[in-house]
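Enquirer: A single structure is presented below for examination.
The values are calculated or read from the model by the stated rules, or taken from the named source; none is laboratory data. Treat the numbers as computed from the prediction; the structure is a model and nothing was measured. Virtual Cβ from ideal backbone geometry, glycine too; neighbours counted across all protein chains shown.
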Amino acid sequence: MVPVIGGKDLDLHVLYLEVTGKGGYEKVVAEKKWREVSNVFRFSPTTTSASFVLKKHYFSFLYHYEQVYFFKQQGPVSSPPDVLSPHGSSGKHQLAIRECSSAAKSSCPDPVVGAKSCFEAIGTIDGKFDCGYLVSVKLGSEILKGVLYHPDHEGPPNPITHSNALVPYSRKTRHGRRRRSRRRGDPSYPKPNRSGYNFFFAEKHYKLKSLYPNREREFTKMIGQSWTKLGPEERMVYQKIGLKDKERYKRELQEYRERLKAEAKL
């Protein structure tokens, strides 16, 4: 079975040449050059932990081959120092996991009532990488595999900043918004002018509503089509009405402003 990294088959031959070219597995581990090895494969930026995965696959598939054919080792091949167990004949670290101990229970001020009874699980360390171990644990008839991760350097905790400064908020009001609020608040404010099309729209809308009371959603489209079909002379009639209304608005607005100034002087 060929391992896959980043959606592509891993070229074990290239991996073997790169690692042995740097002195072999143990030297690459000691000098922490797995990142350099991974750069040769040009994995996509979305591939995570490529160096760790390469190290794991190299140890699983190529380490013994390296010892026999590259280092010409005679006899049984032993595991590298970083995965060699000082105890036991299996060549793996023995891993003991205890959910809770008597000392822990006696030091616990608030024991959980009704919790499950304590149990022990014996496992093995299958491999070691820069910041942890690959482990296997047997629980009953089930074998669980996982990672024990221990970062070399834990970064400082994120500082918690408390700011007691209050920044006053000043609302930026645009002129158009002020005008709209003034219209709503002052009934004497002049009625805004309408364009020639607005007058045409109001006239046609009134007629269509009496003819087609159930098709009001289509009125805008129907009125727009009618406006485009008008000739220049017919359209000019409504445009003149719009110009007159614009003059009316300017005149009433000027009178309104003068009235406000006069009231302010009082």
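Enquirer: Checking Thr220 against (1) farther than 29 Å from Pro190 by Cβ; (2) assigned to a helix (DSSP H, G or I); (3) not small (Gly, Ala, Ser), which single condition isn't satisfied?
Expert: (1)
Enquirer: Within the bounds of region 46-66, is there any residue that is more than 24 Å from Gly146 (Cα to Cα), at pLDDT below 85 and not assigned by TED's automatic domain parsing to the domain that holds Gly146?
Expert: First pass over region 46-66, keeping only residues more than 24 Å from Gly146 (Cα to Cα): 65-66.
Pick out the ones that are also at pLDDT below 85 and you get 65.
Among the residues that remain, those that are also not assigned by TED's automatic domain parsing to the domain that holds Gly146 are: 65.
Yes; the residues of region 46-66 include at least one that is more than 24 Å from Gly146 (Cα to Cα), at pLDDT below 85 and not assigned by TED's automatic domain parsing to the domain that holds Gly146.
Enquirer: Among residues belonging to region 223-247 that are among the charged types (D, E, K, R) and exposed (fewer than 14 other Cβ atoms within 10 Å of the Cβ), point out the one that is farthest from Tyr189 (Cα to Cα). Break it down stepwise before answering.
Expert: Residues of region 223-247 among the charged types (D, E, K, R): 229, 233-235, 240, 244-247.
With exposed (fewer than 14 other Cβ atoms within 10 Å of the Cβ) added as a condition, the list becomes 229, 233-234, 240, 244, 247.
Details: Lys229: 36, Glu233: 34, Glu234: 32, Lys240: 24, Lys244: 18, Glu247: 15 Å.
The extreme case among them is Lys229.
Enquirer: What are the residue pairs meeting all of these: first residue in region 6-18, first residue in the same structural domain as Phe43 (by TED's automatic domain parsing) and surrounded by fewer than 13 Cβ atoms within 10 Å (Cβ to Cβ), second residue among the aliphatic types (A, V, I, L, M) and in a helix (DSSP H, G or I), Cβ atoms under 9 Å, and 6 or more apart or on different chains?
Expert: Val14/Val40
Enquirer: Here are the criteria: (1) touching a Phe, Trp or Tyr at 6+ places or on another chain (Cβ under 8 Å); (2) surrounded by 14 or more Cβ atoms within 10 Å (Cβ to Cβ); (3) modelled with pLDDT under 90. Tell me which single one Glu218 does not satisfy.
Expert: The one condition Glu218 does not meet is (2).
Enquirer: In the set Lys72, Lys32, Lys22, which member is at pLDDT 75 or above and within 35 Å of the chain's Cα centre (by Cα)?
Expert: Working: Lys72 fails: within 35 Å of the chain's Cα centre (by Cα); Lys22 fails: within 35 Å of the chain's Cα centre (by Cα).
Checking each option against the conditions leaves just Lys32.
Enquirer: Scan region 52-76 residue by residue and report those that are part of a loop (DSSP other than H, G, I, E, B) and surrounded by 14 or more Cβ atoms within 10 Å (Cβ to Cβ). Before the answer, list the steps.
Expert: Applying the first criterion (part of a loop (DSSP other than H, G, I, E, B)) to region 52-76 yields 62, 71-76.
Matches in region 52-76: Leu62 only.
Enquirer: Here's another thing I want to ask about it. Could you check, for region 186-194, whether at least one of its residues is part of a helix (DSSP H, G or I) and surrounded by 11 or more Cβ atoms within 10 Å (Cβ to Cβ)? Don't jump to the end; show me each part of the working.
Expert: The first filter runs over region 186-194 and keeps only residues part of a helix (DSSP H, G or I), leaving none.
There is no residue in region 186-194 that is part of a helix (DSSP H, G or I) and surrounded by 11 or more Cβ atoms within 10 Å (Cβ to Cβ).
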